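Undergrad: Dumping the structure here so I can ask a few things about it.
The values are calculated or read from the model by the stated rules, or taken from the named source; none is laboratory data. If you're wondering where the values come from, they're calculated on a predicted model, not measured in any experiment. Every residue, glycine as well, gets a Cβ built from its backbone with ideal geometry; the counts of neighbours run over all protein chains shown. Just the protein is used for accessible areas: all its heavy atoms, side chains included, with ligands, DNA and RNA removed. Shrake-Rupley method; radii C 1.70, N 1.55, O 1.52, S 1.80 Å.
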Amino acid sequence: MSKALLLLLFFLSGTVSYVWSQQYAFRIQFTDKQNTTFSPDQPTEYLSVRAVSRRAKYNTAIDSTDLPVVKKYTDSVCLIAGGILHNQSRWLNSCVILVTDTLQISRIRDLPFVHSVKQVAFYPSGLHAVARVEDNTGRTFNAGRPASFDEHFYGAAWQQIHLCNGAYLHEQGYMGADMQIAVIDVGFDETDHHPAFDSLRSSGRLVDTWNFIHATPDVFHGGSHGSQVLSCMAGYWPEIHVGTAPLADYALYATDDLYSEQAIEEDNLAAALERADSLGVDLINISLSYNTFDDSTSSYTYNDLDGRSTISARAANAAVKKGIVVVVSAGNEGANSWKHILTPGDADSVLTVGAVDNSGIPAASSGEGPNASGKLKPDVMGMGALASVISTGGSIIKSSGTSFAAPVIAGLVACLMEMRPEKNPMEIMSMVQQSAHLFNNPDYKNGYGIPDFRKIAESVSISPAQNKEEIQIQLYPNPAQNQIFIRYEGASRAYHTIRIYDCYGRVKMEDNGQYPMKKINIASLPQGIYFLKIEGDGNALVKSFIKQ
């Protein structure tokens, strides 16, 4: 991304000083995971139950890419090179270490478990200093259901939500409740005390934070771009500004250093995607994009953006394979000599979002497709020209860029996922694309056009508001030995399909259940963690249990 352009869009509220000596960052890619102490048979040792449950839900096998990087390898390269471990990637089987002298890195190049070594950043003042954390002084808003989902309720955010009929999902009761969204960005200034995020904090829905730039939980400094992006989804300031998924849970990850543009930021991004996966998130928004770096040898050409080659694209595609919907901004290079989308917006499996104004006219700066392999990009468009965002200091401002179009759409996609939990990421993405106004006549500026979330909701033959509550069960005992009982509460009397999956996503048992109770004999199952999935009446529910 262009730092000059970012500085025009960002409203900075402070700086952070660092006192460490110079440090060089190197990406070390390893050859294998043969010496790992982890096993796919015990996934909860490195993945949350929610993350494993999501894999079972979509029949996604737990494989070697899920296994952590071998600790002996990372410990060895740090010890031999005299370095500090900055981050690591399970999916890419790599780590980034920091050293004070480039000569130190030569000692590890010939290690038998090291595949490649590449410098990805240089910091004259070093990294990993701890930033100041301010007290939380916010007041609490009631995040309940308003009397009417109209312009009065949404305030300045009305146009960007109304353009794609997003309020209709909210009217049906879908505002992102119980969905987990990760936001990967620059910094989230004032999110820890801004009144628009009071309900997010007071209700415990800010579930995780990590600054991958400085290796600290503090993400509340370093730039306001992340706060503005977050406000498009999580902001809850009735009659002033309400976002598209105001009741979702959020994880905030800072990966992009505002003051430089170095290849290490892609490694930070990959590490954040993996942490989000381990947490068990349902959706990730990335309003970051890359093509050129301060070190020109690391920069990309258009041909590199083929949807599967850059570090960012590979990591984003991997996240989708793990069952996560990934929404990415197209980039703001449409009016300059580059013109095209940026990475990871080129990634094959992500939902790439371009920017339009409140009349649906595409912004000149919105990046154009296709990607270098010819795949249609962007996928859809959202309001990113003069979008309403929450700025530092308590003000609501109008700001422009695909950075804001993406979270507007991402929040509504999360609400759609709440409504249709049985759909996998590619099915959700297809529903959004097919609802868009140019689906039958797409182009490389607009993609499929502006999605219509009311159209999606009304295309469902069952009433989403009713079926959201139709399957409610109790599963006991848990842990269990020889049998489990399923008690239906408030469900219809129709038959439901019951499947039990192991941690690899393999079906181990299948049966039918009917109101009011079902007993299942599990004596033949080996000890371990299992997932019981019940489907029926157009809905689905997954519960985990332990077989002793």
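Undergrad: Measuring from label point to label point, each 7 Å out along Cα→Cβ, what is the Ala364 to Lys455 span in nm?
TA: Result: 2.9 nm between the two label points.
Undergrad: Here is a further query. Please give the per residue accessible area of the chain, computed with a probe of 1.4 Å over protein heavy atoms only, in Å².
TA: It amounts to 38 Å² per residue over the chain.
Undergrad: Cα convex hull of the range 265-307: mean projected area in nm², to one decimal?
TA: Seen from a random direction, the Cα hull of the range 265-307 projects 3.8 nm² on average.
Undergrad: Could you calculate the contour length gain from Gln22 to Asn512, that is, 0.36 nm times the residue separation minus the distance between their Cα atoms, to one decimal place in nm?
TA: 170.0 nm
Undergrad: What's the longest uninterrupted piece of the chain once you rule out the GluC sites (Glu not before Pro) that are loop residues per DSSP with at most 16 other Cβ within 10 Å?
TA: With GluC sites (Glu not before Pro) excluded where exposed in loops, the chain gives 240-421 as its longest stretch.
Undergrad: Here's something else I'd like to know. Please name whichever of Ser459, Phe485, Ser395 sits farthest to the positive end of the charge dipole of the chain, dipole taken about the Cα centre and charges placed at Cβ: Lys and Arg +1, Asp and Glu -1.
TA: Phe485
Undergrad: Hey, another quick one. Could you work out the Kirkwood radius for the range 342-413, taking every pair of different alpha carbons, averaging 1/r and inverting it, reported in Å?
TA: 12.6 Å
Undergrad: Further question on the same structure: Using the alpha carbons of the chain, what is the convex hull volume per residue in cubic angstrom, as a whole number?
TA: Per residue, the Cα convex hull of the chain comes to 144 Å³.
Undergrad: Report, to the nearest whole %, how much of the accessible area of the chain belongs to carbon and sulfur atoms, 1.4 Å probe, protein only.
TA: The value for the chain is 49 percent carbon and sulfur by accessible area.
Undergrad: Here is a further query. When we measure straight from the Cα of Lys375, which lysines land under 21 angstrom away, once same-chain ones fewer than 8 places off are left out?
TA: Lys321, Lys339, Lys445
Undergrad: So for the range 175-293, taking the charge dipole from beta-carbon charges (+1 Lys/Arg, -1 Asp/Glu), which of Ser289, Ala272, Thr191 sits furthest toward the positive end?
TA: Value computed over the given set: Thr191.
Undergrad: To the nearest whole percent, what portion of all C-alpha pairs in the range 140-272 is separated by more than 19 angstrom?
TA: 49 percent
Undergrad: If you don't mind, there's one more thing I want to ask. Once you put a point 7 Å from the Cα of Ala215 and another 7 Å from the Cα of Lys375, both along the Cβ direction, what distance in nm separates them?
TA: Output for this residue pair reads 3.4 nm.
Undergrad: If I model a spin label as a point 7 Å beyond the Cα along the Cα-Cβ vector, how far apart are those points for Gln527 and Ser395 in nm?
TA: 6.3 nm
Undergrad: Right, something else. To the nearest 20 debye, what charge dipole does the chain have about its Cα centre, counting +1 at the Cβ of each Lys and Arg and -1 at the Cβ of each Asp and Glu?
TA: So the dipole magnitude of the chain works out to roughly 1400 debye.
Undergrad: Convex hull over the alpha-carbon atoms of the range 214-338: what's its volume per residue in Å³?
TA: Per residue, the Cα convex hull of the range 214-338 comes to 133 Å³.
Undergrad: Please work out the FRET efficiency for the pair Gln548 and Ser337, using the Cβ-Cβ distance as r and a Förster radius of 51 Å; give the result to the nearest 0.05.
TA: Between Gln548 and Ser337 the formula returns 0.20.
Undergrad: Output ³J(HN,Hα) for the range 289-298: one whole-Hz value per residue in order, computed from phi by the Karplus curve 6.51 cos²θ - 1.76 cosθ + 1.60 with θ = phi - 60°, and x for Gly and Pro.
TA: Karplus-based 3J(HN,Hα) across the range 289-298 equals 7, 9, 8, 10, 10, 4, 8, 4, 5, 8 Hz.
Undergrad: For the chain, what is the percent of antiparallel DSSP beta bridges, rounded to the nearest 5?
TA: Of the beta bridges lying entirely in the chain, close to 70 percent run antiparallel.
Undergrad: Please go through the range 395-456 and write out the chymotrypsin sites (Phe, Trp or Tyr not before Pro) that DSSP classes as loop and that have at most 13 other C-beta atoms within 10 Å.
TA: Here no chymotrypsin sites (Phe, Trp or Tyr not before Pro) fit, given the DSSP loop and packing criteria.
Undergrad: Just want the answer: with Cβ charges of +1 for Lys and Arg and -1 for Asp and Glu, which residue in Asn211, Gly223, Val242 is farthest toward the dipole's positive end in the range 196-293?
TA: Farthest towards the positive end: Val242.
Undergrad: Now for a different question. Go ahead and run the numbers for FRET between Ser116 and Ser148, Cβ-Cβ distance against an R0 of 60 Å, rounding to 0.05.
TA: The pair Ser116/Ser148 has a calculated efficiency of 0.55.
Undergrad: Sticking with this one: Provide the descending list of Cα extents for the range 297-382 along its principal axes, expressed in whole angstroms.
TA: Projected onto its principal axes, the Cα set of the range 297-382 covers 36, 33, 19 Å.
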